[in-house]
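Asker: Got a structure for you, questions after.
The values are calculated or read from the model by the stated rules, or taken from the named source; none is laboratory data. Note that the structure is predicted; figures quoted are calculated from it, not measured. Reconstructed Cβ throughout: ideal geometry from the backbone, glycine too, with neighbour counts over all protein chains shown.
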Amino acid sequence: MSNTPDINDFAKRIRAHALRMVHAVNASHIGSCLSMADILAVLHTEVLRLDPTDPANPDRDRFILSKGHATAILYAALAERGFFPVSELETYCRNGSALTGHVSHGVPGVEASTGSLGHGLPMAVGMAIGLRADGRKSRVVCLLSDGECDEGSNWEAILFAPHHKLDNLIAIVDFNKIQSFGRVTEVLNLDPLADKWRAFGWHVLELDGHDIGALRAAFAGIPAVAGKPTVIIAHTVKGRGVSFMEDRLEWHYKSPNVDQLAQALKEIGA
Ligand SMILES: [Mg+2]
């Protein structure tokens, strides 16, 4: 997209940070990070109303990364946004660092610790109803994995939010079609996923989660329907941007070696 150089550059930088971070400590979940990079880039360059100099401002938007294992790229985005120095990313997963291997609320800019799957959306629903009760204009955005849509706790939240007309709530499903060791269709099929959310009363948008223009348009139009929460079902590719990681199961857990890191950085243009 010629009109979105800043967003593309942000996405490139957080992909590069995440690759270097997981390589440095032989950590997992790089595939999960890369599939959501473009979504996170759009959120942090023009959607989320946050002020790194005033991180507790009560009128801020709230973002919850429910797929808390994909933490490296969230920390990268928060550092790029200015919540803490980019140099601190080098401490990721090291003894004494706040940057733990699953999302920690001890990190500036993080609203809630996550990693036990199926908890993020229920928390987001609680925040959304609380913010509305306080008369605040803040939005709550929750990013889930496809695999964690297997968790029953999510479906309680999906039932609850439309009943309470929480149009200040946006869920995003990073639908990369792979969960841990298997394909979603084989482990526990979610299809037809959009119809299921729609049947529960959500306004449903479905798009290519790597199409910056589509993501921008979707976020700009929310809430499209007053009184309804919105879900964006984002079709993505696990490992997106690195040819040998794309749509490959093993990169849920594997970490790139030094040669693979160099190749990956070259491919994303870092
Ligand atoms: Mg997945």
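Asker: Against the condition modelled with pLDDT of 95 or more and either surrounded by 18 or more Cβ atoms within 10 Å (Cβ to Cβ) or on the phi > 0 side of the Ramachandran plot (or both), how does residue 122 come out, does it pass?
Answerer: The answer is yes for residue 122.
Asker: Let me ask something else about it. So which residues in the stretch 20-51 are closer than 14 Å to residue 265 by Cβ and more than 15 Å from the ligand (Cβ to nearest atom)?
Answerer: Passing the criteria: 20, 21, 22, 23, 24.
Asker: With a cut-off of at least 3 residues that are without any contact (Cβ under 8 Å) to a residue 40 or more places away in the chain and out of contact with any Ser or Thr (no Cβ under 7 Å at 6 or more places or on another chain), name the strands (runs of 3 or more DSSP E) lying wholly within the stretch 137-216.
Answerer: Where strands (runs of 3 or more DSSP E) fall fully within the stretch 137-216 and carry at least 3 residues being without any contact (Cβ under 8 Å) to a residue 40 or more places away in the chain and out of contact with any Ser or Thr (no Cβ under 7 Å at 6 or more places or on another chain), they are 203-208.
Asker: Can you find even one residue in the stretch 33-42 that is in contact with a Lys or Arg (Cβ under 6 Å, 6 or more places away or on another chain), more than 30 Å from residue 133 (Cβ to Cβ) and aliphatic (A, V, I, L, M)?
Answerer: Yes, the stretch 33-42 contains at least one residue that is in contact with a Lys or Arg (Cβ under 6 Å, 6 or more places away or on another chain), more than 30 Å from residue 133 (Cβ to Cβ) and aliphatic (A, V, I, L, M).
Asker: Next question. In this structure, is residue 168 surrounded by 15 or more Cβ atoms within 10 Å (Cβ to Cβ), more than 16 Å from the ligand (Cβ to nearest atom) and of a type outside the set (A, V, I, L, M)?
Answerer: yes
Asker: I would also like to ask the following. Check residue 68 against each of (1) touching a helix residue (DSSP H, G or I) at 6+ places or on another chain (Cβ under 7 Å); (2) surrounded by 21 or more Cβ atoms within 10 Å (Cβ to Cβ) and name the one condition it does not meet.
Answerer: Unmet for residue 68, out of (1) touching a helix residue (DSSP H, G or I) at 6+ places or on another chain (Cβ under 7 Å); (2) surrounded by 21 or more Cβ atoms within 10 Å (Cβ to Cβ): (1).
Asker: Let me ask something additional. Condition (residue is within 16 Å of the ligand (Cβ to nearest atom), on the phi > 0 side of the Ramachandran plot and within 19 Å of the chain's Cα centre (by Cα)) applied to the stretch 171-190: is it met by at least one residue?
Answerer: Taking every residue of the stretch 171-190 in turn, at least one turns out to be within 16 Å of the ligand (Cβ to nearest atom), on the phi > 0 side of the Ramachandran plot and within 19 Å of the chain's Cα centre (by Cα).
Asker: Return the residues of the stretch 171-195 that are touching a helix residue (DSSP H, G or I) at 6+ places or on another chain (Cβ under 8 Å) and of a type in the set (A, V, I, L, M, F, W, C); say none if nothing qualifies.
Answerer: Selection gives 171, 172, 173, 175, 178, 181, 184, 187, 188, 190, 193.
Asker: May I ask you to verify whether residue 244 is modelled with pLDDT of 95 or more, surrounded by 14 or more Cβ atoms within 10 Å (Cβ to Cβ) and aromatic (Phe, Trp, Tyr)?
Answerer: no
Asker: From 17, 102, grab the single residue that is in a loop (DSSP other than H, G, I, E, B) and either within 16 Å of the ligand (Cβ to nearest atom) or closer than 23 Å to residue 175 by Cα (or both).
Answerer: 102
Asker: Now for a separate question. What tally of residues in the stretch 128-150 results from selecting those that are of a type in the set (S, T, N, Q) and either more than 14 Å from residue 59 (Cα to Cα) or within 16 Å of the ligand (Cβ to nearest atom) (or both)?
Answerer: Residues flagged as of a type in the set (S, T, N, Q) and either more than 14 Å from residue 59 (Cα to Cα) or within 16 Å of the ligand (Cβ to nearest atom) (or both) within the stretch 128-150 amount to 1.
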